[in-house]
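Just so it is clear, none of the values below were taken in a lab; they were calculated from the coordinates. Being a predicted model, the structure only gives us computed values, none of them experimental. Cβ: placed from backbone, ideal geometry, glycine included. Neighbour counts: every protein chain shown.
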């Protein structure tokens, strides 16, 4: 074998070793550092916001803290916006994104996802005495909705001709219409339904049926299967033992759906 060929082989081997060393496993890094860095929202209650003394609070904050606890490490919460949460992950400023993020084909090209951890959907909500389980049951009912919203567009496709749809200019108007009994039902997102429940009305809205479902997933970098499997195992555990459902009741006013 020529010396030059031998040297080239040694150099290639050294490069391969150095690359594999540099490219450490994310789960190993987290456990070694004893810290899980999580991107969380700061302006999207009840998933994430800040208190008057700037303390983070919300469903995503509690989920991040619970996962870190299950991993046996501390949590470092890093506030992000919708626009920078994926770049923060790709540049490894964070290990996970827990920020009310939906999964779609475009995002799946650049990052991976765990199992779903929280419900995020548009649906029809109403008090227990309204016996509604599908679009046909809206016949003769009065439904409030925010004008031009996703739920408004979807509701228009399925509402019976005998139903009355009252459209309001913003979510506050839709919330008020339910609280003041101007409407029997509302078509809205589960986050808005949570805002209604938080006002503790005499008749609390419960989910009647879904219009559009887009649950929240945890984002992580591509090719981090060990971390993905570990977080999925934690999610399976806290779904089974009721810890995750307790958090959705706390922040969304509704238990974790059985389908999640």
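Things worth noting here:
- Selected from 194, 139, 115 as most flexible by GNM, with the chain as the system and alpha-carbon contacts under 10 Å: 139
- For the chain, the longest principal axis of the Cα atoms and the long axis of helix 243-252 meet at an angle of about 50 degrees.
- Shown for 179, 247, 138: other C-beta atoms within 10 Å of each C-beta, ranked fewest to most, produce the order 179, 247, 138.
- Identified option (computed percent of Cα pairs over 24 Å apart; candidates (1) 62; (2) 42; (3) 55): (3)
- Taking 169, 224, 108 and counting other C-beta atoms within 10 Å, the order from fewest to most: 169, 108, 224
- Centroid-to-centroid separation of the range 205-234 and the range 127-161 [C-alpha atoms, Å]: 27 Å
- Contact order normalised by residue count of the range 43-149, Cα under 8 Å, 6+ apart, percent: 15 percent
- Gaussian network model of the chain, springs between alpha carbon atoms under 10 Å - residue of 199, 70, 225 with greatest fluctuation: 199
- The range 121-213: relative contact order in percent, alpha carbon pairs under 8 Å with at least 6 residues between: 49 percent
- Fluctuation leader among 250, 109, 212 - the chain, Gaussian network, Cα springs under 10 angstrom: 109
- The chain: angle of helix 59-71 to the longest principal axis, Cα-based, in degrees nearest 10: 40 degrees
- Acute angle (nearest 10 degrees) that the helix 225-240 long axis makes with the longest principal axis of the chain, alpha-carbon atoms: 30 degrees
- Sequence of 85, 167 once ranked by neighbouring C-beta atoms within 10 Å, starting from the fewest: 167, 85
- Peptides 143-151, 50-58 ordered by packing proxy, namely the average of other Cβ atoms within 10 Å per residue, highest first: 143-151, 50-58.
- For the range 121-213, share of DSSP beta bridges that run antiparallel, in % to the nearest 5: 55 percent
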